[in-house]
Structure formats: C-alpha cells, structure tokens
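Please read the structure below before turning to the comments.
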Amino acid sequence: MTTRNKHFDVLIIGAGFSGLYMLIKARELGLSVKVIEAGGDVGGTWYWNRYPGARCDVESIEYSYEFDEELQQEWDWSERYATQPEILRYINHVAERFDLRSDIQFDTRVTGAHFNAEAHQWSVEMENGQTCTAQFLVAASGPLSVPLKPKFPGQDQFQGDIYYTGYWPHEGVDFTGQRVAVIGTGSSAVQSIPLIAEQADSLTVYQRTPAYVVPAHNRPLSTEERTSVKADYATLRTRAKEMHFALGAKYIQEETLMAEHSLEQRKSRLEKAWAVGGFIFLYAYADIMFDPATNHEVAEFIRGKIASVVKDPAIASILMSRGVVGSKRLCVGTNYYETYNRDNVSLVDINEFPLQGFTAVGIETPAGERPYDAIVSATGFDAMTGALTRIDIRGVNGDTLKQRWSEGADTYLGLQVSGFPNLFIVAAGPGSSTAFTNVIKSTEHHVEWIGDCIIHMRETGKHTVEAEPAAESAWVEHVQEVANTTLFPQEKSFYNGANVPGKARVYLPYVAGFPVYVQKCKDVASNGYEGFKLT
Ligand code: N01
C-alpha cells in the first residue's frame with residue numbers, strides 16, 4: 001500500500017532500529033502511521049554497511065531492544081560482538097515478529113517536508129512524486145547514514161573498482177588475487193582492513209589520521225553466559241542505563257582518578273582494561289576524558305601496545321596517534337595492528353605522501369604511482385545532520401532546516417528544533433547524548449519520550465508541540481559548556497563537523513552522559529514539557 005495522498009498521524013523517515021521502534025510505539029498508541037525507507041528492506045545502517053568485518057562494537061547482549069521481554073528471551077546472540085549479518089537477521093526477526101513491513105514503504109526516499117501552520121501538519125514529498133500529510137513527522141534517519149564520497153582528482157579515469165564501506169554491494173566483493181587500497185582508518189576501515197588483507201593479493205592503507213584501536217577480544221558466547229543474562233535481563237539493562245555510555249553493564253565504570261594511583265597500580269589497571277577490551281576501555285579511570293595528564297598516559301599506554309605488536313618500528317610510529325584518546329571515536333578492532341606485520345600489507349602516511357589523485361591504474365602520491373584493482377573508500381559520514389539537511393524540510397516560516405543549521409545544528413534536547421513544530425528527531429545526535437551511547441538505548445529512550453509527549457498532547461487537546469527559542473538557546477549553550485569541561489571536543493572529528501568540507505564547526509553531542517541526559521529529558525516532561533510550546 002502506498003502513501004499517495006494519504007494522511008497519517010505519524011510519518012516516520014527510516015526503517016532502522018529507531019524507525020521500527022517508533023512504528024511499534026505509534027501503533028501501541030493507536031495512531032495511524034507509515035514508515036518511508038530509502039532502502040529495499042529494514043535495517044538502516046545495518047542494511048547498507050555490509051563491508052567485510054562489519055560488526056557492532058557494543059556487545060551483542062546490550063545492542064538489542066529491551067522493550068519486549070519475550071523478544072529478548074527468544075533471541076540468541078552467538079558472539080560477544082555481533083556481525084552485521086547477525087544484527088540484520090535480528091532486525092528482520094523484529095520486523096516479522098511485530099508484522100512491521102505492512103506499514104513500511106521501501107525503496108522510497110523522502111525529499112521534502114513542509115509544515116502547514118494552518119492545518120497543523122506536515123506535507124511530505126517523495127522522490128517518486130508521491131505526497132502525503134502527517135500531524136507528526138519523526139526523523140529516524142540515523143546519525144551515520146550519509147556516507148561521504150570525497151572526489152579525488154582523476155577519480156573518473158580509474159579503471160578498477162571503487163567501493164564505499166557505507167554502501168557496500170549486497171552481493172559482496174571477492175578481493176582474491178587483487179591489489180587493493182583502503183583510504184581511511186576510522187572504525188569501518190579498522191574492521192575491514194584485517195579481512196581484506198587476508199583475502200587480497202596485496203593491501204595498501206592510506207592513513208590521514210591514525211586511530212586508537214582497542215582490541216575487541218571477540219569470542220563466541222556460551223550457552224551458560226546467554227542463560228545467565230536472560231535470567232535477569234532487566235537488571236543488566238537497568239545497570240547499562242546507569243553508565244555514562246549506556247553500555248558495559250557487566251563491567252565497572254571506575255570512579256578512581258588516575259592521580260590517586262601509583263604508577264604500578266595505573267599500569268595494572270590499564271592492562272586489565274586492555275585485556276577486557278572494547279569501548280569500555282574508557283571506563284578504566286574516571287578522568288580519562290577530563291584530565292589531559294591522564295589522557296596522555298592512556299595514550300602512551302596504547303602507543304606502547306602498538307610498539308609491542310607492530311614489528312617494523314617505522315610503521316608502528318605511523319600508526320601511533322598523538323591526539324587525545326576518545327576525542328575521535330575510539331575504535332575496537334580484531335588483529336588490526338597485527339595486520340601491519342603481514343608481508344602483503346603496506347601503509348602510506350598521506351601527511352608525508354599526499355594523495356595527489358587517482359590515475360587510470362591506481363593512486364598517485366609524491367612517492368609515485370601504485371597500481372590497484374580496487375579502491376575502498378572508508379571515508380566516513382556526514383554525521384548527525386547529513387540525513388536531515390539533505391531533505392528539503394521547511395518549518396513555519398518556510399525556512400529550511402539546512403539554512404537553519406548552516407552555522408551549526410541547534411536543537412532543544414536533541415529532540416526538536418524551534419520553528420519546526422511536530423518534527424521529532426530520534427537518536428540522530430545533535431544536542432543529544434546518542435553519538436556517545438549504545439544507540440539502541442538512546443533510540444528507546446527517545447521513542448518513549450516522544451510517545452509520552454504525544455499522549456500528553458492528546459490528553460490535553462493540543463495539536464502542536466514546538467521547542468521554544470529561549471529553551472533551545474539555553475540548551476545549545478549548556479551542550480557546549482559541558483563539552484568544554486571535557487577533552488571530547490579536542491580533535492577534528494565528525495562530532496564537530498570537521499570531516500566535511502564547509503560544514504559548520506560546532507560540537508554536536510551532549511557528553512554529560514546518558515543518565516544525566518535522560519534525567520534532563522524526564523524533568524522537562526514532568527514540568528509540563530518545559531521549554532516546549534504546546535498549542
Ligand atoms: O568513518 P570515520 P567510519 N582523504 O569518519 C579518513 C560508526 N561505526 O565509517 O580522521 C583521506 O571514523 C578519515 O581521516 P581523518 C562509528 O560511530 C560503527 O570509519 O578525517 N582520508 C578517517 O580516517 C564510527 O565512529 C561501527 O583525518 C580521508 C576515515 O577516513 C563511525 O561509524 C563500525 C578523507 C573516516 O573515518 C564512522 O566510522 C563502523 C580523505 N579525503 C562504523 N576523508 C560499529 O561497530 C576521510 N578520510 C558500531
């Protein structure tokens with residue numbers, strides 16, 4: 001069934017984790033609802049990102065919905081960190097279990113949404129020419145859903161294949177016998193490089209900024225582990241939500257400051273955290289993201305690990321970041337540094353040998369031309385705002401969200417933008433803690449908050465909800481203030497728009513931690529949706 005000329009209470013953009021849960025919630029509230037999805041099926045980021053080694057770096061037992069006890073009891077994760085295919089199977093299972101596809105229109109891209117102030121509703125346009133209207137528009141379009149495709153000089157003349165990690169061919173790619181180049185060393189590259197190296201004849205990595213990569217120590221989950229988690233899933237979920245990043249419930253988020261420990265204790269603490277591995281490495285000391293001296297010592301520790309793994313000291317040195325740990329997203333990898341010991345792998349530091357461009361047969365740097373059969377661009381995303389600014393979203397005054405955010409994205413609580421009534425943003429990131437959390441927890445929190453807000457509106461006879469400019473400005477200021485008390489904004493990253501030429505440099509995530517953020521949202525709701533105008 002299409003959306004042509006129909007009216008819905010809620011129109012949702014995107015059928016990833018956020019869109020699907022929003023659909024379930026809207027149905028639960030008895031609202032008429034439709035999801036519009038550009039892809040051919042459910043999954044969002046997990047539908048598109050099919051590159052070799054794609055996994056979630058949040059542990060599988062936590063990277064799942066908790067809203068339905070039966071769902072979490074019936075699903076079994078096979079590994080500590082789930083692969084992309086397994087996550088996609090889970091999302092498909094959810095879609096089937098709750099019969100979600102009947103309310104989703106696939107292969108359809110939303111191109112425009114204009115608010116009609118008289119009718120209190122959004123007029124939505126799609127690429128295929130269809131239009132519809134909706135009282136509420138929910139952008140569940142994801143924080144990392146617009147892959148960047150930097151155009152390198154001479155790119156069109158390259159006769160080999162070019163792949164983007166964020167748009168990987170569904171049929172997969174066989175690199176056997178090929179000379180492959182990977183551009184980028186963020187999370188996607190860190191996951192794919194070891195597997196491409198195993199398959200390809202040769203692999204060259206072009207690195208602009210080295211990443212800090214903590215080992216995943218991935219392994220199969222035993223039946224005993226799964227049974228014990230399921231025996232009291234609620235406790236694990238509750239504990240996760242008490243943690244800064246809404247993940248790592250089985251571990252300790254240390255409250256010790258590094259200076260309270262002797263050198264020996266510090267070494268032992270960091271070794272222990274390294275042995276556990278994963279993103280929760282940042283929990284090893286309470287001040288890693290606050291005290292430059294602590295952060296520096298953690299960085300030295302990681303550099304020491306790189307030196308101990310990578311046999312060639314010159315390559316090890318190129319792989320060592322000198323930046324603030326955790327400011328660019330911490331990467332979680334398997335055999336990442338070890339891969340640089342392989343005879344068929346080489347590394348090019350493009351600060352020393354700038355990537356001048358592509359030629360018909362390969363890539364040119366001042367060191368000469370290197371021939372390739374395939375080039376993999378793992379160059380990241382127009383994060384947090386990209387999916388929304390690519391849609392012609394116009395608010396009450398006809399201004400576009402793109403214009404509005406041209407100097408930096410401002411939101412109230414990351415949920416709404418003043419001048420854009422009845423538009424909710426789910427787990428996208430600007431002004432919310434999403435980007436530094438287990439995104440599924442942020443998704444559930446946002447969807448439930450929005451659901452409660454809609455119930456409140458229905459009960460009080462309101463038609464529109466809109467962030468008030470003053471509350472929004474105060475929130476934006478607060479987000480910046482909090483960020484500036486930490487080391488999070490120190491490096492150039494997608495968190496501050498530095499990875500997209502011309503994008504406004506504003507630090508977007510709210511880094512006070514998930515529990516603080518949830519409490520703020522709760523307080524706003526219990527104070528009669530303070531800072532929102534309900535009319
Ligand atoms: O993207 P990135 P990603 N020339 O932006 C380089 C999530 N994710 O796709 O740092 C040369 O981190 C760029 O260099 P620099 C996760 O949140 C999650 O890897 O800008 N190089 C960088 O090295 C993650 O953080 C999982 O100097 C260029 C790389 O490309 C986020 O997605 C798995 C360049 C881009 O790294 C993004 O990760 C994978 C150019 N023109 C991803 N442009 C999970 O496990 C860019 N680069 C959940």
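The values are calculated or read from the model by the stated rules, or taken from the named source; none is laboratory data. Since we're looking at a predicted model, the values are computed, not measured. Every residue, glycine as well, gets a Cβ built from its backbone with ideal geometry; the counts of neighbours run over all protein chains shown.
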Hey, E66 surrounded by 15 or more Cβ atoms within 10 Å (Cβ to Cβ), part of a loop (DSSP other than H, G, I, E, B) and either within 16 Å of the ligand (Cβ to nearest atom) or on the phi > 0 side of the Ramachandran plot (or both) or not: no
Filtered residues of the range 373-429 (kept if more than 16 Å from the ligand (Cβ to nearest atom), among the charged types (D, E, K, R) and in a loop (DSSP other than H, G, I, E, B)): D373, R390, D399, E407, D410
Test: S418 is crowded, with 18+ Cβ neighbours inside 10 Å, out of contact with any strand residue (DSSP E or B) (no Cβ under 8 Å at 6 or more places or on another chain) and farther than 28 Å from F67 by Cα: no
The range 306-322, residues that are surrounded by fewer than 19 Cβ atoms within 10 Å (Cβ to Cβ) and not aliphatic (A, V, I, L, M): S308, K311, D312, P313, S317, R322
V325 surrounded by 18 or more Cβ atoms within 10 Å (Cβ to Cβ) and over 19 Å from S187 (Cβ atoms): no
Number of the exception - E338 against (1) outside any loop (DSSP other than H, G, I, E, B); (2) crowded, with 19+ Cβ neighbours inside 10 Å: (2)
For R4: the one exception among (1) outside any loop (DSSP other than H, G, I, E, B); (2) at pLDDT below 95: (1)
F290 being part of a loop (DSSP other than H, G, I, E, B), of a type in the set (F, W, Y) and within 16 Å of the ligand (Cβ to nearest atom): no
Close pairs (6 angstrom Cβ cut-off, 6 or more residues apart or separate chains): in contact (Cβ under 8 Å) with a residue 60 or more places away in the chain in the range 297-309, not in a helix (DSSP H, G or I) anywhere: A299/V325; I302/Y212
Test result for T165, under 24 Å from the mean Cα position of the chain (by Cα) and more than 11 Å from the ligand (Cβ to nearest atom): no
Qualifying residue in the range 150-161 (condition: of a type outside the set (K, R) and under 30 Å from S432 (Cα atoms)): yes
Positions within the range 340-363 being of a type in the set (D, E) and within 21 Å of I196 (Cα to Cα), in sequence order: D343, D349
Some residue of the range 223-246 being within 26 Å of P52 (Cβ to Cβ), modelled with pLDDT of 95 or more and part of a loop (DSSP other than H, G, I, E, B): no
Pair list, Cβ under 7 Å, 6 or more apart: the range 137-166 residue within 22 Å of F17 (Cα to Cα), other residue away from the ligand (no atom under 15 Å from the Cβ) and small (G, A, S): L137/A113; A140/G14; A140/G19; S141/G14; G142/G14
Unmet requirement for N295, which otherwise passes all of (1) crowded, with 20+ Cβ neighbours inside 10 Å; (2) among the polar types (S, T, N, Q); (3) outside any helix (DSSP H, G or I): (3)
Positions within the range 459-504 being touching a residue at least 60 places away in the same chain (Cβ under 8 Å), surrounded by fewer than 18 Cβ atoms within 10 Å (Cβ to Cβ) and farther than 30 Å from F290 by Cα, in sequence order: T460, K462, H463, E468
The lone exception for A231 - which of (1) away from the ligand (no atom under 16 Å from the Cβ); (2) among the aliphatic types (A, V, I, L, M); (3) crowded, with 18+ Cβ neighbours inside 10 Å; (4) within 30 Å of V518 (Cα to Cα) it fails: (3)
Any hit, the range 169-180, residues being more than 8 Å from the ligand (Cβ to nearest atom), touching a helix residue (DSSP H, G or I) at 6+ places or on another chain (Cβ under 6 Å) and of a type in the set (A, V, I, L, M, F, W, C): yes
Options A387, A383, A378: the member that is over 21 Å from T185 (Cα atoms), surrounded by 20 or more Cβ atoms within 10 Å (Cβ to Cβ), of a type in the set (A, V, I, L, M, F, W, C) and under 22 Å from the mean Cα position of the chain (by Cα): A387
Residues (without any contact (Cβ under 8 Å) to a residue 24 or more places away in the chain, not in a strand (DSSP E or B) and not hydrophobic (A, V, I, L, M, F, W, C)) located in the range 353-372: P354, P366
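Listed here are the residues, each with its yes/no results for (1) part of a loop (DSSP other than H, G, I, E, B); (2) buried (at least 24 other Cβ atoms within 10 Å of the Cβ); (3) of a type in the set (S, T, N, Q).
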| position | (1), (2), (3) |
| --- | --- |
| S141 | yes, yes, yes |
| K149 | yes, no, no |
| G166 | no, no, no |
| D174 | yes, no, no |
| T185 | yes, no, yes |
Residue that is surrounded by the most Cβ atoms within 10 Å (Cβ to Cβ) [pool: residues in the range 267-287 that are touching a residue at least 40 places away in the same chain (Cβ under 8 Å) and part of a loop (DSSP other than H, G, I, E, B)]: G278
Residue, surrounded by the fewest Cβ atoms within 10 Å (Cβ to Cβ), within the range 99-124, restricted to residues that are among the acidic types (D, E) and in contact (Cβ under 8 Å) with a residue 40 or more places away in the chain: D107
Residue match in the range 93-108 (condition: in contact with an Asp or Glu (Cβ under 9 Å, 6 or more places away or on another chain), in a strand (DSSP E or B), modelled with pLDDT of 95 or more and not β-branched (V, I, T)): yes
Per-region count, the range 428-452, residues over 12 Å from the mean Cα position of the chain (by Cα), of a type in the set (V, I, T) and closer than 20 Å to V479 by Cβ: 1
